[in-house]
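Peer 1: Would you mind keeping the following structure in view while I ask a few things?
The values are calculated or read from the model by the stated rules, or taken from the named source; none is laboratory data. The shown structure was predicted, so the numbers you read here are calculated from the model rather than taken from an experiment. Every residue, glycine as well, gets a Cβ built from its backbone with ideal geometry; the counts of neighbours run over all protein chains shown. These accessible areas exclude ligands, DNA and RNA; they are computed on the full protein's heavy atoms, side chains included. Shrake-Rupley method; radii C 1.70, N 1.55, O 1.52, S 1.80 Å.
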Amino acid sequence: MSKAFFLACESYAELGVDCEAALASLAATPISLHCWQGDDVGGFEREGAELEGGGIQVTGSYPGKARTAGELRQDLEKALSLIPGKHRLNLHACYAELDGAKMERSDYTTAQFQTWIDWCEAQGLGMDFNPSYFSHPLAADGWTLSHPDAAVRDYWIEHGRACRRIAADAGRQLGSKAVTNFWIPDGSKDLPVDRKGPRERLEASLDAIFAEEVDAALNVDAVECKLFGIGSESYVVGSHEFYLGYAVTRRKLLCLDAGHFHPTESIADKISSVLQFVPELLLHVSRGVRWDSDHVVIMDDATRAIAEELVRGDFLGRTHVGLDFFDASINRIAAWVIGTRSAQKCLLAAMLEPVSMLREWESAGDFAGRLALMEEAKTLPLGAVWREFCEREGTPAGPEWIGEMRSYERDVLAPRG
């Protein structure tokens with residue numbers, strides 16, 4: 001224990017905060033790292049795959065992008081070595097390893113992801129999963145589960161069923177329950193006349209997917225809403241209201257993405273409301289700048305507010321925390337490390353907040369004292385506690401990780417071209 005940490009513990013203890021308890025809680029809070037940061041959402045279904053449509057896009061062309069699944073795993077290992085704690089992998093179906101074979105997404109089985117599962121086991125990671133409703137000929141027009149063509153809907157229904165089976169198998173093999181998250185790009189660039197029909201079709205498609213029983217001890221399902229996307233600026237079938245209603249009535253997890261709402265709208269305020277009516281939440285922590293731009297997460301007010309709500313409401317046990325951003329304008333390993341460490345720092349800051357004292361003063365009507373204490377707590381020695389956590393986890397505590405990242409870029413990424 002360093003002297004700085006000892007003194008920090010004393011400072012926090014004066015406000016009734018146990019630093020050791022906070023560190024234990026942070027160590028027990030895994031974050032699901034999204035595989036798609038490492039290769040710009042290309043996947044490996046075919047050689048030289050690139051993100052194609054579907055309401056999302058990535059910007060930038062920084063050198064060193066992972067070109068194979070092996071390279072992506074290598075990059076993830078490096079990122080994880082610079083991030084304290086034990087975490088999870090969030091994998092999209094388009095990262096299937098087909099070994100040059102042609103195969104429909106609707107026919108995927110665990111075999112196409114077994115190498116990923118084995119790698120997760122070797123790394124001590126849990127695994128989460130996502131059907132890929134984009135970058136595919138049958139998603140070229142931006143419609144999938146709500147498509148007017150029943151044959152197209154059936155294809156994507158089968159894909160969703162296959163993904164739930166794969167996720168459950170991963171959960172079984174890894175001994176850690178998977179979360180399968182459903183996001184679709186369906187919507188309209190300009191004003192539609194019929195808003196009802198696509199939502200009726202989406203409801204029926206989702207019901208068909210979830211009709212197949214999957215052991216809830218191995219996999220749980222989440223549905224993800226969005227305000228708008230590229231090519232769906234005027235109408236998104238899977239809106240917040242649609243998926244909130246669906247999650248409540250079907251007892252599914254609701255996925256709240258920090259970039260999927262109006263830029264001035266905070267998802268922190270939604271957490272306590274939604275968890276009144278759904279069993280659990282999936283959070284996609286991102287940073288939208290003016291729109292769903294998927295910037296790298298930083299320790300900003302919006303992210304801190306999310307973490308504070310999770311801790312103040314005692315919601316961590318009912319919340320799955322994952323990252324969802326993809327920035328190809330900077331070193332991709334750095335993006336993972338910056339984003340994950342920033343999310344962890346926000347969680348730690350929330351865990352070190354004098355919540356008991358704040359609750360007591362609030363209950364007594366001392367709102368001036370509450371506000372004053374919330375502000376004073378912001379300057380308490382968080383950095384010393386964070387450094388202690390990193391050192392205990394065997395990862396760089398401060399800016400020294402940047403040098404490791406630069407060495408990796410020089411020795412591994414740069415030769416890729």
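Peer 1: Using a cut-off of 15 Å between beta-carbons, work out the net charge of the residues near L380 (Lys and Arg +1, Asp and Glu -1, L380 not included).
Peer 2: Value of the local net charge: -4.
Peer 1: So if I take the centroid of the Cα atoms in region 13-41 and the same for region 155-213, what is the distance between those two points in Å?
Peer 2: 29 Å
Peer 1: Using a Cα-Cα cut-off of under 16 Å, which aspartates and glutamates could be cross-linked to K102, ignoring same-chain neighbours fewer than 8 residues away?
Peer 2: Within reach: E45, E47.
Peer 1: About the Cα centre of region 92-230, how large is the charge dipole given +1 on each Lys and Arg Cβ and -1 on each Asp and Glu Cβ? Please answer in debye to the nearest 20.
Peer 2: It comes to approximately 300 debye.
Peer 1: OK, next. Using modelled amide H (1.01 Å from N, peptide plane; none on Pro or chain starts), what sits under 5 Å from the amide H of H34, excluding residues fewer than 5 places away?
Peer 2: HN-HN under 5 Å from H34: N90, L323.
Peer 1: Have a look at D269, D327, D194 and tell me which one the Gaussian network model of the chain (Cα, springs below 10 Å) gives the largest fluctuation.
Peer 2: Maximum among the listed residues: D194.
Peer 1: If packing is taken as the average number of other Cβ atoms within 10 Å across a peptide's residues, how do 28-39, 1-12, 150-161 rank, most packed first?
Peer 2: 28-39, 150-161, 1-12
Peer 1: For the chain, what are the DSSP H helices with axial Cα length of 27 Å or more and mean Kyte-Doolittle hydropathy of at least 0.5?
Peer 2: Going by DSSP H runs, the hits are 332-351.
Peer 1: Express the accessible area of region 2-111 per residue in Å², computed with a 1.4 Å probe while the remaining protein chains stay in the model.
Peer 2: Computed with neighbouring chains in place, this is 42 Å² per residue.
Peer 1: Rounded to the nearest 10 Å², what accessible area does S272 have for a 1.4 Å probe in the complete protein model?
Peer 2: Ignoring ligands and nucleic acids, S272 comes out at about 40 Å².
Peer 1: Still on this structure, I have one more. Can you list the residues, at least 5 places off or on another chain, whose amide H is less than 5 Å from the amide H of H320, using H built in the peptide plane?
Peer 2: Placed amide hydrogens put L281, L282, L283 under 5 Å from H320.
Peer 1: Whenever you get a sec, compute what percent of the accessible area on region 39-186 sits on carbon and sulfur atoms (1.4 Å probe).
Peer 2: Ligands and nucleic acids excluded, carbon and sulfur give 47 percent.
Peer 1: Tabulate in residue order the Karplus-calculated ³J(HN,Hα) for region 218-234, using 6.51 cos²θ - 1.76 cosθ + 1.60 with θ = phi - 60°, rounded to whole Hz; enter x for Gly and Pro.
Peer 2: Result, ordered by residue: 10, 8, 10, 10, 10, 10, 10, 8, 8, 6, 6, x, 5, x, 9, 5, 8 Hz.
Peer 1: Please give the Cα centre distance for region 260-310 versus region 79-129, rounded to the nearest Å.
Peer 2: Each part reduced to its Cα centre gives a spacing of 26 Å.
Peer 1: While we're looking at this one, here's another question. Got a sec? Charge dipole of the chain, +1 on Cβ for Lys and Arg, -1 for Asp and Glu; which of T180, G43, G16 is way out at the positive end?
Peer 2: Positive-most Cα among the choices belongs to G43.
Peer 1: I want the local charge near C225. Using Cβ-Cβ distances under 9 Å, sum +1 for each Lys or Arg and -1 for each Asp or Glu among the other residues.
Peer 2: Counting the neighbours of C225, the net charge comes to -2.
Peer 1: Could you work out which residue, out of G142, G365, G398, moves most in a Gaussian network model of the chain, that is, has the largest mean-square fluctuation with Cα springs under 10 Å?
Peer 2: Highest fluctuation among the options: G365.
Peer 1: A204 versus K102, label points 7 Å from Cα toward the beta carbon: distance in nm?
Peer 2: My value for the distance between the label points is 3.1 nm.
Peer 1: Another question, if that's okay. Taking springs between alpha-carbon atoms closer than 10 angstrom, which of A24, A79, A66 fluctuates most in the Gaussian network model of the chain?
Peer 2: A24
Peer 1: Follow-up. Can you work out ³J(HN,Hα) from phi for every residue in region 279-292, in order, using Karplus 6.51 cos²θ - 1.76 cosθ + 1.60 and θ = phi - 60°, giving whole Hz and x for Gly and Pro?
Peer 2: x, 8, 10, 10, 9, 9, 7, 9, 9, x, 10, 6, 7, 6
Peer 1: Sticking with this one: Going by amide H atoms built from the backbone, whose H comes under 5 Å of the H on F129, apart from near neighbours?
Peer 2: L91, V179, T180, N181
Peer 1: What does the helix-only formula give at 222 nm for the chain: each DSSP H stretch with n ≥ 4 adding -39500 (n - 2.57), the total divided by the residues, and the result rounded to the nearest 500 deg cm²/dmol?
Peer 2: That comes out to -13000 deg cm²/dmol.
Peer 1: Where the centroid of each part is defined by its Cα atoms, how far is region 369-385 from region 219-241 in Å?
Peer 2: Centre-to-centre (Cα) distance: 37 Å.
Peer 1: Cα-Cα over 24 Å: which of K226/K270; K86/K226; K65/K189; K189/K270?
Peer 2: Violating the 24 Å limit, Cα to Cα: K86/K226; K65/K189; K189/K270.
Peer 1: In nanometres, what is the gap between the two model label sites at T68 and A122, each 7 Å from Cα along Cα-to-Cβ?
Peer 2: A separation of 1.3 nm, rounded to one decimal place.
Peer 1: For a Förster distance of 35 Å, can you work out the FRET efficiency between the beta-carbons of A372 and I402, rounded to the nearest 0.05?
Peer 2: Given R0 = 35 Å and the Cβ-Cβ separation, E is 0.45.
Peer 1: Working with all protein chains in place, sort S329, S407, S232, S363 by solvent-accessible area computed with a 1.4 Å probe, largest first.
Peer 2: The ranking, largest first, comes out as S363, S329, S407, S232.
Peer 1: How many times 2.2 N^0.38 Å is the alpha carbon radius of gyration of the chain?
Peer 2: 0.99
Peer 1: T379 versus D314, label points 7 Å from Cα toward the beta carbon: distance in nm?
Peer 2: 3.3 nm
Peer 1: Of G365, T264, P354, whose Cα points farthest to the positive end of the dipole of the chain (charges on the beta-carbon: +1 Lys, Arg; -1 Asp, Glu; origin at the Cα centre)?
Peer 2: Looking along the dipole axis, the top candidate is P354.
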